[in-house]
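Chemist: Sharing a structure, written as structure tokens. Questions coming.
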Amino acid sequence: MTSKKSIKAFKEAKKYFPGGVNSPVRAFKSVGGGPVYFSRGKGQYIYDIDGNRYLDFIGAWGPAVLGHAYKAAVDAVKKAAAKGLCAGLNTVSELRLAVEIKKLLPWINMMRFVNSGTEAVMTAIRLSRAYTGRDVIIKMSGCYHGHLDSMLVSAGSGALTFGVPDSPGITKAAGRDTIVIPYNDIDALEDVFAVSGNKIAALILEPVAGNMGVVPGNGAFIRKAGSLCKKYNSVLIFDEIMAGFRAYARTGKEYYGVEPGLVCLGKIIGGGLPVGAVAGKKEIMSMLAPSGPVYQAGTFSGNPVVMEAGAATLKAYIRQDTFKKINKLGLVLDDLLANAPGVHYARSGGMFTLFFTNVKVTDLKTAKTSDTSAFAKFHRFMMSNNILLPPSQFEACFISSAHEERQMEFFGRKCLEYINK
Ligand SMILES: *Cc1c(COP(=O)(O)O)cnc(C)c1O
């Protein structure tokens, strides 16, 4: 496996970009070894600029549920792009994506498209505060909700990998209105509502957490979050930007039987192009400008090329029963890894993590018992076998519908080979 061109490009990139990257985890800092320079992707494979081919489990960090360069999505993009890259006006492409989302989530009344998951969460929080007239937001440690100030408190994802749960540059005031409790902790949930219930604008969580590695939400915990929000008239926000259409066929609403007031979507719904959406109950959503007083806007929001890519992707996702396929591929891994010694293997649908710990991982504290240097070695071992994993213990691995059962088996056996070494 050569990586001369990738190493050279990274050296050059360091002159232009802080740390050589435009998003921290791409630096491969926590696992060592050079970063991979993407040349192209096709199906379950990505190719680097040195010509190496990898079996890919990064899945573009979520969007590539149908595999890379999925033909119907690429064709939709080409067709839309030829008509103009940006409209700045309404397009029927927005309607096409909205219709696909409504097919999957008939319980949402209204939605607004934005350009990233971060924006979706930012808007959901503003809406919740306006709707309730309250300030406090409850979040779970280890859940990641984008890089907005109020959510970068005990967050997961890159923030976790780099051990900077609280970023400098965020005012004390921004952090003061965010209360952090442990994930899956019913007692903490009851306590925080007992003390601050009538000040809580919203409780936000990932129903299946994917940004401290995969940590499924406990059903009783999610239901308790739902009933407490109802009791105290706080808005329950499900952040489905990663888990939606990935950890389960639809969202936590269907999976746990708990209906949130607002849901944040992203990643998959743009088919690989930048997108986010906030959606939910009409009485909350209609507070958004111009139908209501809560301001939110975006030059690129509802961009027709993005909307067409997303619509084509969700259409195929529904038509091909993609969730069933990725879940079945996951079962192949379960057979090999569920009882593997010295590790905690977690899978929800098409997302999985192999934690290097003997402890059962249920929250951030237990996730952090993982031996990250063992993970780093594991990552390099997989790279040397042309298998590409997210370069962090705390990022989820993704299965796409382009993967094949024999490849899942090959990967599972390589995991066992490493574990038993
Ligand atoms: C990726 C992610 C976000 C942020 O989305 P961006 O598009 O990167 O801004 C928010 N929440 C969750 C759960 C995510 O996985």
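The values are calculated or read from the model by the stated rules, or taken from the named source; none is laboratory data. As the structure is a prediction and not an experimental result, all values here were calculated from the model. Positions of Cβ are generated from backbone atoms using ideal geometry, with glycine treated the same way; all protein chains shown enter the neighbour counts. Heavy atoms of the whole protein, side chains included, go into the accessibility calculation; ligands, DNA and RNA do not. Shrake-Rupley method; radii C 1.70, N 1.55, O 1.52, S 1.80 Å.
Chemist: Which pairs do you get when a residue that is in contact (Cβ under 8 Å) with a residue 40 or more places away in the chain, found in segment 378-396, comes within reach of a residue that is of a type in the set (D, E), reach meaning Cβ atoms under 6 angstrom, with the pair 6+ apart or on two chains?
Modeler: Cβ pairs passing all conditions: L388/D56.
Chemist: Take the residues of segment 241-281 that are assigned to a loop (DSSP other than H, G, I, E, B) and more than 15 Å from the ligand (Cβ to nearest atom): which is farthest from F352 (Cα to Cα)?
Modeler: Among those that are assigned to a loop (DSSP other than H, G, I, E, B) and more than 15 Å from the ligand (Cβ to nearest atom), it is K281.
Chemist: Taking the conditions exactly as written (among the charged types (D, E, K, R), outside any loop (DSSP other than H, G, I, E, B) and in contact with a Ser or Thr (Cβ under 8 Å, 6 or more places away or on another chain)), does K139 satisfy them or not?
Modeler: So K139 fits the description; yes.
Chemist: Same structure, new question: Among the residues of segment 144-192, write down those that are over 24 Å from N115 (Cα atoms), assigned to a loop (DSSP other than H, G, I, E, B) and either more than 19 Å from the chain's Cα centre (by Cα) or at pLDDT 75 or above (or both).
Modeler: Within segment 144-192, G163, V164, D166, P168, T171, D177, P182, Y183, N184, D185 qualify.
Chemist: Let me ask something else about it. I'd like to verify a number: residues in segment 255-278 that are closer than 21 Å to A396 by Cα and buried (at least 24 other Cβ atoms within 10 Å of the Cβ), how many?
Modeler: Summing the residues that are closer than 21 Å to A396 by Cα and buried (at least 24 other Cβ atoms within 10 Å of the Cβ) in segment 255-278 gives 12.
Chemist: Right, something else. Which of the residues belonging to segment 388-421 are hydroxyl-bearing (S, T, Y), open to solvent by less than 30 Å² (accessible area, probe 1.4 Å) and more than 17 Å from the chain's Cα centre (by Cα)?
Modeler: Step one: of segment 388-421, the residues hydroxyl-bearing (S, T, Y) are 392, 400-401, 418.
Now drop any that are not open to solvent by less than 30 Å² (accessible area, probe 1.4 Å), which leaves 392, 400-401.
Hit for segment 388-421 is S401, nothing else.
Chemist: What about K328, is it open to solvent by 50 Å² or more (accessible area, probe 1.4 Å), farther than 13 Å from G412 by Cα and in a helix (DSSP H, G or I)?
Modeler: Here the answer is yes, as K328 does meet what is asked.
Chemist: While we're here: Restricting to strands (runs of 3 or more DSSP E) lying wholly in segment 25-112: which have 1 or more residues that are touching a residue at least 40 places away in the same chain (Cβ under 8 Å)? Show your work before the answer.
Modeler: On the way: elements: 38-42, 45-48, 53-56.
By residue number, 45-48, 53-56.
Chemist: Do you know which of the residues in segment 196-217 that are farther than 18 Å from A396 by Cβ and outside any helix (DSSP H, G or I) is farthest from the ligand (Cβ to nearest atom)?
Modeler: I200
Chemist: Regarding segment 92-110, can at least one residue be identified that is under 30 Å from A174 (Cα atoms) and either at pLDDT below 95 or open to solvent by 50 Å² or more (accessible area, probe 1.4 Å) (or both)?
Modeler: yes
Chemist: Could you tell me which residue of segment 119-136 is farthest from the ligand (Cβ to nearest atom), considering only residues that are of a type outside the set (S, T, Y), in a helix (DSSP H, G or I) and open to solvent by 70 Å² or more (accessible area, probe 1.4 Å)? Break it down stepwise before answering.
Modeler: If we filter segment 119-136 for residues that are of a type outside the set (S, T, Y), which is where we start, we get 119-122, 124-127, 129-130, 133-136.
Cutting the leftovers down to in a helix (DSSP H, G or I) gives us 119-122, 124-127, 129-130.
Of the ones still in play, those that are also open to solvent by 70 Å² or more (accessible area, probe 1.4 Å) are 122, 126.
Working: M122: 9, R126: 15 Å.
Within segment 119-136, the match that is farthest from the ligand (Cβ to nearest atom) is R126.
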